[in-house]
1. Within region 25-77, how many residues turn out to be out of contact with any Lys or Arg (no Cβ under 9 Å at 6 or more places or on another chain), surrounded by 13 or more Cβ atoms within 10 Å (Cβ to Cβ) and among the polar types (S, T, N, Q)?
2. Whether any residue in region 76-94 is assigned to a helix (DSSP H, G or I), of a type outside the set (Gly, Ala, Ser) and closer than 14 Å to PHE42 by Cβ is what I want to check.
3. Of all residues in region 32-65, how many are part of a loop (DSSP other than H, G, I, E, B) and hydroxyl-bearing (Ser, Thr, Tyr)?
4. Does region 27-47 hold any residues that are of a type outside the set (Lys, Arg), farther than 13 Å from GLY96 by Cβ and touching a residue at least 24 places away in the same chain (Cβ under 8 Å), and which are they?
Amino acid sequence: MIQYIRSNCLIRIRQRTVSLPNWRKRQGRIVITKDIDFLESFRIKSEPKKLITIRTGNIPNRQLIGIFDKNLEIIMQMISRSDLLEISRTEIEEHGS
């Protein structure tokens, strides 16, 4: 099952506020983001453990969801063997393992 959490750095879990980076680490989540700060953190500190960066520019959410729907199987295969993926409108790049 695939779940997603949309956040601005803090989330509420069972009535207590938890820092998103610490919660992600404990939960073993894959971060999917357009935010360049996550990529810099990944390259410097290897955090988060698994990262998918979105390099599509400004596109409607339904178009972005369409990219994931169309490529979900390959994305799942690639992220299972690699720690970093970069997704653009036309390609998916796999980095490292």
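We did not get these values from a lab; they are worked out from the coordinates using the rules stated. What you see is a predicted model; the values in this text were computed from it and never measured. Reconstructed Cβ throughout: ideal geometry from the backbone, glycine too, with neighbour counts over all protein chains shown.
1. 3
2. Checked against the condition, which is being assigned to a helix (DSSP H, G or I), of a type outside the set (Gly, Ala, Ser) and closer than 14 Å to PHE42 by Cβ, region 76-94 yields at least one hit.
3. 2
4. ILE30, ILE32, GLU47
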